[in-house]
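Scroll down for the structure; my scribbles are underneath it.
The values are calculated or read from the model by the stated rules, or taken from the named source; none is laboratory data. Note that this is a predicted model, so its numbers are computed, not measured. Please note: Cβ atoms are built from the backbone with ideal geometry, for glycine as well, and neighbour counts cover all protein chains shown. The accessibility values were calculated without ligands, DNA or RNA, using every heavy atom of the protein model including side chains. Shrake-Rupley method; radii C 1.70, N 1.55, O 1.52, S 1.80 Å.
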Amino acid sequence: MNEKSLITKSAEETKQLAMELAQQIPLSSIITLTGDLGAGKTTFVQGLAAGFGIEKPVNSPTFLIIHRYELKTKNETRKDEHISARFLYHIDLYRIDKQDDIVGLGLLDILKEKESIVVIEWAEKMGKFLPEERIDVQFGYRDENKRKITINFQNPSFKFQ
Ligand code: ADP
Ligand code: MG
(Lines give C-alpha, C1' and ligand atoms only; values in the text may rest on other atoms or scores of the structure.)
(Ligands and ions follow the chains in the order given, each with its own letter.)
Protein backbone atom coordinates (compact mmCIF):
# COMPACT_ATOMS: atom_id res chain seq x y z
CA MET A 1 0.00 0.00 0.00
CA ASN A 2 1.12 3.46 -0.89
CA GLU A 3 0.16 6.02 1.76
CA LYS A 4 0.94 9.62 2.59
CA SER A 5 -0.24 11.35 5.73
CA LEU A 6 0.26 14.94 6.82
CA ILE A 7 -1.26 17.80 8.77
CA THR A 8 -2.32 20.96 6.99
CA LYS A 9 -2.49 24.15 9.05
CA SER A 10 -4.93 26.15 6.90
CA ALA A 11 -7.51 25.79 4.15
CA GLU A 12 -4.88 27.19 1.76
CA GLU A 13 -2.46 24.41 2.65
CA THR A 14 -5.16 21.82 1.99
CA LYS A 15 -5.85 23.39 -1.41
CA GLN A 16 -2.13 23.42 -2.17
CA LEU A 17 -1.85 19.72 -1.39
CA ALA A 18 -4.79 18.99 -3.68
CA MET A 19 -3.22 21.08 -6.44
CA GLU A 20 -0.04 19.03 -6.19
CA LEU A 21 -2.09 15.87 -6.42
CA ALA A 22 -3.93 17.24 -9.47
CA GLN A 23 -0.60 17.73 -11.19
CA GLN A 24 0.44 14.12 -10.70
CA ILE A 25 -2.51 11.75 -10.70
CA PRO A 26 -3.24 9.65 -13.73
CA LEU A 27 -6.04 10.99 -15.86
CA SER A 28 -9.21 9.02 -15.27
CA SER A 29 -8.53 8.81 -11.51
CA ILE A 30 -11.33 8.25 -9.02
CA ILE A 31 -10.78 10.06 -5.73
CA THR A 32 -12.83 9.33 -2.62
CA LEU A 33 -13.08 11.87 0.20
CA THR A 34 -14.19 10.86 3.67
CA GLY A 35 -14.42 12.80 6.92
CA ASP A 36 -16.93 14.72 9.03
CA LEU A 37 -18.76 17.85 7.97
CA GLY A 38 -16.31 20.74 7.94
CA ALA A 39 -13.29 18.47 7.76
CA GLY A 40 -12.14 19.99 4.48
CA LYS A 41 -13.43 17.77 1.66
CA THR A 42 -14.93 20.55 -0.45
CA THR A 43 -11.88 22.72 0.22
CA PHE A 44 -9.75 19.90 -1.17
CA VAL A 45 -11.92 19.71 -4.31
CA GLN A 46 -11.39 23.47 -4.80
CA GLY A 47 -7.64 22.84 -4.84
CA LEU A 48 -8.00 19.92 -7.25
CA ALA A 49 -10.10 22.03 -9.59
CA ALA A 50 -7.52 24.83 -9.45
CA GLY A 51 -4.85 22.25 -10.28
CA PHE A 52 -6.79 21.32 -13.39
CA GLY A 53 -7.12 24.94 -14.44
CA ILE A 54 -10.84 25.17 -13.71
CA GLU A 55 -11.77 28.79 -13.24
CA LYS A 56 -15.43 28.46 -12.29
CA PRO A 57 -16.17 28.62 -8.57
CA VAL A 58 -16.37 25.21 -6.93
CA ASN A 59 -18.75 24.73 -4.03
CA SER A 60 -20.74 21.93 -2.48
CA PRO A 61 -23.22 20.34 -4.88
CA THR A 62 -26.12 21.03 -2.52
CA PHE A 63 -29.08 20.37 -4.78
CA LEU A 64 -27.60 18.62 -7.77
CA ILE A 65 -25.34 16.09 -5.99
CA ILE A 66 -23.21 15.99 -9.17
CA HIS A 67 -21.31 18.94 -10.64
CA ARG A 68 -19.40 18.59 -13.87
CA TYR A 69 -16.56 20.85 -14.98
CA GLU A 70 -15.07 20.74 -18.44
CA LEU A 71 -11.30 20.39 -18.61
CA LYS A 72 -9.24 22.37 -21.06
CA THR A 73 -7.35 20.37 -23.64
CA LYS A 74 -4.25 22.30 -22.69
CA ASN A 75 -3.41 22.74 -19.05
CA GLU A 76 -0.40 24.75 -17.99
CA THR A 77 -0.37 23.36 -14.49
CA ARG A 78 0.43 19.82 -15.55
CA LYS A 79 3.67 18.62 -17.09
CA ASP A 80 1.87 16.64 -19.79
CA GLU A 81 0.45 19.65 -21.55
CA HIS A 82 -2.17 17.85 -23.51
CA ILE A 83 -4.76 16.65 -21.11
CA SER A 84 -6.99 14.03 -22.59
CA ALA A 85 -9.45 13.92 -19.71
CA ARG A 86 -12.70 15.62 -20.54
CA PHE A 87 -14.40 16.39 -17.26
CA LEU A 88 -13.89 16.72 -13.57
CA TYR A 89 -16.95 15.41 -11.76
CA HIS A 90 -17.55 16.62 -8.21
CA ILE A 91 -20.03 14.41 -6.44
CA ASP A 92 -21.38 14.81 -2.90
CA LEU A 93 -23.29 11.85 -1.49
CA TYR A 94 -24.12 13.49 1.85
CA ARG A 95 -27.85 13.35 1.19
CA ILE A 96 -27.84 9.77 -0.08
CA ASP A 97 -29.13 7.35 2.53
CA LYS A 98 -29.53 4.11 0.59
CA GLN A 99 -26.69 2.53 -1.34
CA ASP A 100 -29.06 1.65 -4.15
CA ASP A 101 -29.89 5.34 -4.76
CA ILE A 102 -26.43 5.51 -6.33
CA VAL A 103 -27.74 3.62 -9.35
CA GLY A 104 -30.39 6.26 -10.10
CA LEU A 105 -27.79 9.03 -10.09
CA GLY A 106 -26.03 7.66 -13.14
CA LEU A 107 -22.85 7.57 -11.09
CA LEU A 108 -21.94 4.08 -12.23
CA ASP A 109 -21.76 5.25 -15.84
CA ILE A 110 -19.64 8.22 -14.81
CA LEU A 111 -17.19 5.88 -13.08
CA LYS A 112 -16.76 3.97 -16.34
CA GLU A 113 -15.72 7.08 -18.25
CA LYS A 114 -12.09 6.55 -19.11
CA GLU A 115 -11.20 10.16 -19.66
CA SER A 116 -12.61 11.92 -16.63
CA ILE A 117 -11.52 12.64 -13.07
CA VAL A 118 -14.19 11.76 -10.52
CA VAL A 119 -14.01 13.10 -6.96
CA ILE A 120 -16.61 11.92 -4.45
CA GLU A 121 -17.42 13.38 -1.01
CA TRP A 122 -18.92 10.90 1.47
CA ALA A 123 -17.73 8.11 -0.82
CA GLU A 124 -18.13 5.53 1.97
CA LYS A 125 -21.85 5.63 1.13
CA MET A 126 -21.09 3.87 -2.13
CA GLY A 127 -20.32 0.60 -0.37
CA LYS A 128 -20.21 -2.21 -2.91
CA PHE A 129 -20.24 0.26 -5.80
CA LEU A 130 -16.80 1.64 -4.95
CA PRO A 131 -14.33 0.81 -7.70
CA GLU A 132 -11.16 -1.01 -6.65
CA GLU A 133 -8.67 1.25 -8.30
CA ARG A 134 -8.93 4.62 -6.62
CA ILE A 135 -7.27 7.24 -4.45
CA ASP A 136 -8.73 7.48 -0.95
CA VAL A 137 -8.35 10.71 0.98
CA GLN A 138 -9.38 10.83 4.63
CA PHE A 139 -9.83 14.04 6.59
CA GLY A 140 -9.55 14.28 10.36
CA TYR A 141 -10.35 17.44 12.34
CA ARG A 142 -7.51 18.39 14.71
CA ASP A 143 -8.38 21.96 15.66
CA GLU A 144 -9.94 25.02 14.04
CA ASN A 145 -7.27 25.25 11.36
CA LYS A 146 -5.53 21.89 11.48
CA ARG A 147 -6.60 18.80 9.56
CA LYS A 148 -4.91 15.44 9.29
CA ILE A 149 -5.06 14.27 5.71
CA THR A 150 -4.22 10.71 4.75
CA ILE A 151 -3.97 9.78 1.11
CA ASN A 152 -4.05 6.12 0.14
CA PHE A 153 -3.34 4.97 -3.36
CA GLN A 154 -5.25 1.83 -4.18
CA ASN A 155 -3.30 1.79 -7.39
CA PRO A 156 0.12 0.18 -7.24
CA SER A 157 1.42 1.86 -10.37
CA PHE A 158 1.26 5.41 -9.02
CA LYS A 159 3.55 7.13 -6.53
CA PHE A 160 2.76 10.58 -5.13
CA GLN A 161 5.89 12.69 -4.55
P1 ADP B 1 -16.47 19.46 4.14
O2 ADP B 1 -16.65 19.52 2.65
O3 ADP B 1 -15.60 18.31 4.57
O4 ADP B 1 -17.76 19.48 4.89
P5 ADP B 1 -15.45 22.15 3.84
O6 ADP B 1 -14.25 22.07 2.96
O7 ADP B 1 -16.73 22.60 3.22
O8 ADP B 1 -15.66 20.74 4.59
O9 ADP B 1 -15.18 23.11 5.07
C10 ADP B 1 -13.95 23.13 5.76
C11 ADP B 1 -13.92 24.42 6.55
O12 ADP B 1 -12.79 24.41 7.44
C13 ADP B 1 -13.75 25.62 5.66
O14 ADP B 1 -14.48 26.71 6.21
C15 ADP B 1 -12.25 25.89 5.71
O16 ADP B 1 -11.93 27.24 5.48
C17 ADP B 1 -11.94 25.50 7.15
N18 ADP B 1 -10.56 25.05 7.39
C19 ADP B 1 -9.76 25.49 8.38
N20 ADP B 1 -8.58 24.88 8.36
C21 ADP B 1 -8.60 24.02 7.31
C22 ADP B 1 -7.66 23.07 6.79
N23 ADP B 1 -6.44 22.88 7.34
N24 ADP B 1 -8.03 22.36 5.71
C25 ADP B 1 -9.25 22.52 5.17
N26 ADP B 1 -10.19 23.36 5.62
C27 ADP B 1 -9.88 24.12 6.68
MG1 MG C 1 -18.39 19.26 1.45
*asked:* Just to be sure before I move on: is L33 modelled with pLDDT of 85 or more and out of contact with any strand residue (DSSP E or B) (no Cβ under 6 Å at 6 or more places or on another chain) in the structure I sent?
replied: no
_Criterion: at pLDDT 95 or above and more than 16 Å from I151 (Cα to Cα) - qualifying residue of G104, G53, G38, G47_ = G38
*Could you count how many residues in segment 28-45 are open to solvent by 40 Å² or more (accessible area, probe 1.4 Å) and out of contact with any Lys or Arg (no Cβ under 6 Å at 6 or more places or on another chain)?*
3
*Restricting attention to segment 138-161, which residues are within 16 Å of ligand 1 (Cβ to nearest atom) and either open to solvent by 60 Å² or more (accessible area, probe 1.4 Å) or of a type in the set (G, A, S) (or both)?*
Q138, G140, Y141, R142, D143, E144, N145, K146, K148
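Which residues, taken from segment 90-123, are more than 18 Å from N155 (Cα to Cα) and within 16 Å of ligand 1 (Cβ to nearest atom)?
If the condition is that a residue be more than 18 Å from N155 (Cα to Cα) and within 16 Å of ligand 1 (Cβ to nearest atom), then H90, I91, D92, L93, Y94, R95, I96, E121, W122 are the ones that fit.
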_Suppose we filter segment 47-56 for residues that are within 18 Å of Q138 (Cβ to Cβ) and either surrounded by fewer than 21 Cβ atoms within 10 Å (Cβ to Cβ) or in contact with a strand residue (DSSP E or B) (Cβ under 7 Å, 6 or more places away or on another chain) (or both); how many remain?_
1
